[in-house]
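Undergrad: Quick one: structure below, then a few questions.
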Amino acid sequence: MEASALKKTKLSPYAGCCFVIPTKHAKSIAIAIALHFAEILGAGVVEYIVDTDTLGTFSGEVERKGNALECAKEKCLLSNNRLNKDLVLTLASEGSFGPHPKMPFIPCNHEVLYLIDKKYDFHLHVSHSSTNTNYCMQTINSLEELHKFATKALFPSHALILRPNDRVCTTFIYKGISNSEELEQIFAKCKAISNDSKVWVETDMRAHVNPTRMSVISELALKLAKRLESLCPKCSIPGWGQVDHEKGLPCRECGLATEAVKSKTLSCIKCDHIESLAIACAEKLAEPEFCFNCNP
Ligand SMILES: [Zn+2]
Ligand SMILES: [Zn+2]
C-alpha cells in the first residue's frame with residue numbers, strides 16, 4: 001500500500017463530525033471551507049443563517065465593536081446562544097481590509113477563522129494577511145470614471161457598492177451591484193440625490209459576492225484543517241501547531257542574523273507541551289537579500 005493510501009485509512013479526530021458556520025448569506029464562506037474539511041478531516045460543514053450584521057458591516061452602517069478576532073468569536077457565541085448551547089463545533093469567519101502594515105500603498109485582506117470546539121473543549125483561531133484583494137474606494141464624477149473603477153475592481157465578477165458621496169445618510173446605500181445596466185442606473189440615482197453631485201463607489205467585500213476574498217478564506221480554511229489534523233504528541237488532542245517564531249537565521253554571505261525565521265515554536269492547545277523546531281543548521285542559511293548587512 002502506498003503511503004498516501006495508508007494515511008487516508010487513519011481516521012481524523014473529526015471524521016463524521018459537522019461544523020456549524022454562522023453566516024448572514026447562504027452559500028457564503030461554507031463553500032470555501034467545505035472542500036478542505038471534507039478532504040482533510042472527513043468532516044462536513046453546515047451554514048446557520050443568522051443576522052451577523054448586528055456585529056458590524058464592512059460598508060460601515062453598523063460599526064464593528066472590537067477587532068476581527070473578537071468579532072469572529074462573538075459570531076460563534078451568538079449562534080451557540082441562539083441555536084443550541086451544546087453545539088459541538090462552531091466556526092466563524094471575519095475579515096478586515098486596509099493598507100498593508102509594511103507597504104502602506106498596497107491594500108491588504110486580513111482574515112480570521114475562529115473555532116469553538118466542545119468535543120475536545122478548546123477555542124482555536126487561525127489568521128493570515130493577503131495582498132490578493134480588489135479592495136478599493138473612490139469618489140467619482142462621471143460614467144467614464146465609474147467604468148474605469150469597475151474594471152480595476154474586477155466588476156462584474158466582483159460586486160460594487162454605490163451611494164451618494166456625502167455618505168451621512170445610510171438609507172441610500174446600494175450593495176451587491178453586479179451588472180452594468182444596474183450599475184449605471186444606480187449611479188444616476190446616487191448622483192441625483194448627492195449634495196455635491198458626486199458618487200461614492202467601493203468594492204463589496206462580502207465573501208459571497210467577492211471571489212477573491214473567497215479564495216483567501218479558502219487558503220485559511222486549508223491552514224485550519226491541517227492544524228486540526230495534527231495531534232499533540234503528548235496528549236493527542238487535535239490543534240497541535242505553530243504558535244510563535246523567532247527571526248535571526250544567519251546570512252549565507254556574512255553570517256550575521258537576518259529577518260528570516262530561525263526557529264518555530266509548536267504548542268498544544270490543551271496541555272503544556274511545547275516543542276521548538278530549529279531551522280538554522282549548516283545546510284539552511286538565509287539568502288543575502290534578507291540580510292540588512294548585505295542588502296541594506
Ligand atoms: Zn497536549
Ligand atoms: Zn549578510
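Undergrad: When only residues in the range 242-261 that are closer than 25 Å to His128 by Cα and not charged (D, E, K, R) count, which is nearest to ligand 2 (Cβ to nearest atom)? Walk me through it before giving the result.
TA: Going through the range 242-261, the residues closer than 25 Å to His128 by Cα turn out to be 242-249, 258-261.
Add one more test, that the residue is not charged (D, E, K, R), and what stays is 242-243, 245, 248-249, 258, 260-261.
Values: Gln242: 26, Val243: 29, His245: 20, Gly248: 12, Leu249: 11, Thr258: 7, Ala260: 11, Val261: 16 Å.
Residue satisfying both the conditions and the ranking: Thr258.
Undergrad: Report, by residue number, each residue of the range 278-296 that is in contact (Cβ under 8 Å) with a residue 24 or more places away in the chain and of a type outside the set (Lys, Arg).
TA: Residues of the range 278-296 that are in contact (Cβ under 8 Å) with a residue 24 or more places away in the chain, as a first pass: 279-280, 284-288, 290-294.
Passing the criteria: Ile279, Ala280, Leu285, Ala286, Glu287, Pro288, Phe290, Cys291, Phe292, Asn293, Cys294.
Undergrad: Pick out the one residue from Leu277, Leu249, Leu256 that is surrounded by 16 or more Cβ atoms within 10 Å (Cβ to Cβ) and outside the structural domain of Ile177 (by TED's automatic domain parsing). Reasoning before the result, please.
TA: Working: Leu277 fails: surrounded by 16 or more Cβ atoms within 10 Å (Cβ to Cβ); Leu256 fails: surrounded by 16 or more Cβ atoms within 10 Å (Cβ to Cβ).
After ruling out the rest, the residue left standing is Leu249.
Undergrad: Something else: Can you find even one residue in the range 225-237 that is more than 16 Å from ligand 1 (Cβ to nearest atom), surrounded by 14 or more Cβ atoms within 10 Å (Cβ to Cβ) and under 23 Å from the mean Cα position of the chain (by Cα)? Quick ask: steps written out before the conclusion?
TA: Here is the first cut: in the range 225-237, the ones more than 16 Å from ligand 1 (Cβ to nearest atom) are 225-226.
Subsequent filtering for residues that are surrounded by 14 or more Cβ atoms within 10 Å (Cβ to Cβ) retains 225-226.
Next, only the ones that are under 23 Å from the mean Cα position of the chain (by Cα) stay: 225-226.
Yes: one or more hits.
Undergrad: Among the strands (runs of 3 or more DSSP E) confined wholly to the range 178-296, which include 2 or more residues that are in contact with a Phe, Trp or Tyr (Cβ under 9 Å, 6 or more places away or on another chain)?
TA: Values: elements: 199-203, 241-247, 261-267, 274-278.
Passing ranges, in order: 199-203, 261-267.
Undergrad: A follow-up question, please. Test each condition in (1) touching a residue at least 40 places away in the same chain (Cβ under 8 Å); (2) within 28 Å of the chain's Cα centre (by Cα) for Lys264 and report the one that comes out false.
TA: (1) is the only condition that Lys264 fails.
Undergrad: Say we look at the range 262-287 and pick out the residues that are touching a strand residue (DSSP E or B) at 6+ places or on another chain (Cβ under 6 Å) and within 16 Å of ligand 2 (Cβ to nearest atom); which of these is farthest from Ser127 (Cα to Cα)?
TA: Among those residues, the one meeting the criterion is Leu285.
The values are calculated or read from the model by the stated rules, or taken from the named source; none is laboratory data. The structure presented is a predicted model; accordingly, all values stated were derived computationally and were not measured. All Cβ positions, glycine included, derive from the backbone under ideal geometry; neighbour counts span all protein chains shown.
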